[in-house]
Amino acid sequence: MKIFLIIVKRAFAQLQSKLKQRCVCLNTIEPCYHWQDCGKSGKMLYLMPQSEEAEQPGIMESFIASLISHFIITDLRDLLLQDILRYNYFYFRKEERDEILLKARRGLEKEPASHRQDTFKEVIERKLKEYLLDNRHLNIEGFICFRLPDYQAELKRLVDEAVENYLTEKEYREFVRLLKYFLEIQQPKIDLVHLAVDEKGQFQITDQHFQKIDPREWEEFDLEDFEKDSDYEDVLVSMLVSVAPRQIMLHQNVLPRYPKTVDTLRRIFDDRLLFCSNCAYCRQEAMHLVHTDKTKG
């Protein structure tokens, strides 16, 4: 009789639950099993067939491989992500690591990462079955460490990406905080600024009388820098903070084209920021509304 010994160090409650569910659904090959406490090493699961069908070659191996692969992908994954964070990014505070872990989880839900997880599950299941055909003893985390380098690399990539996103957002929050502080100590140099988007998808800056404003009249900004795509939005925000208008009116074509800029302005200017509701100017300039990343004529 085949007897499989499986060591699970962490999340064994989830594995127990999965095993019970599988056994209920697969009455024809329901295995006999019991658990043994192994102290700090975790728990050992004893699995053995108790029907003629389950004794057939490959049946129990397939059953275990499917069970464990699903367990790794759904239950051990977060713990493995935490391991990577602690080992590679130990200098982050716990609350920072928690935020990064949340970003990594969200990254797993997006394409193409979500599709890759499905592919990895198939690969892990196949490798487990191949291993179990020649071995009756399985240490799950040891198997991950020595037999699944590609999966570990994928999780490492997701963590690295989450860290990069976290640092970018942290830098952005600091940028907003400093500009907001600078705005508070500035004396307003103009009462009202209108922001719209022209037919080229560029910001159109006008005063309260809808007269075009040259940003160089405010401060010694290099207009060539203002026109570069890489810094275009940040430079605009800095310009607006430098003149500290009492109010900024955002017209309807700004938000669809520059959502990030609108969010930044909202964070900095708070109630100084106004949103027009299909004003006469917007109706007159409807041909310049930008509904997507491309300007519609």
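The values are calculated or read from the model by the stated rules, or taken from the named source; none is laboratory data. Fair warning: this is a prediction, and the values are worked out from it, not measured in the lab. With ideal geometry, Cβ positions are generated from the backbone for all residues, glycine too; neighbour counts draw on all protein chains shown.
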Note on Glu171: of the conditions (1) in contact with a Gly (Cβ under 6 Å, 6 or more places away or on another chain); (2) exposed (fewer than 13 other Cβ atoms within 10 Å of the Cβ), unmet is (1)
Which numbered condition trips up Asn88, out of (1) under 19 Å from Thr168 (Cβ atoms); (2) crowded, with 16+ Cβ neighbours inside 10 Å? (2)
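Taking Leu240 as the residue in question, decide whether it is within 18 Å of Arg177 (Cα to Cα) and at pLDDT 85 or above. Talk me through it step by step, then tell me what you get.
On the way: within 18 Å of Arg177 (Cα to Cα): yes; at pLDDT 85 or above: yes.
Yes.
Kindly establish whether Cys32 is more than 28 Å from the chain's Cα centre (by Cα) and at pLDDT 85 or above.
On the way: more than 28 Å from the chain's Cα centre (by Cα): yes; at pLDDT 85 or above: no.
So Cys32 does not fit the description; no.
Between Leu101, Leu85, Leu133, which is among the hydrophobic types (A, V, I, L, M, F, W, C) and closer than 23 Å to Ala13 by Cα? Walk me through how you get there before you give the answer.
Numbers: Leu85 fails: closer than 23 Å to Ala13 by Cα; Leu133 fails: closer than 23 Å to Ala13 by Cα.
Going through Leu101, Leu85, Leu133 in turn, the sole match is Leu101.
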Read through the list (1) crowded, with 16+ Cβ neighbours inside 10 Å; (2) free of Cβ contacts under 8 Å to residues at least 24 places away in the same chain, then give the number of the only condition that Leu178 fails. (1)
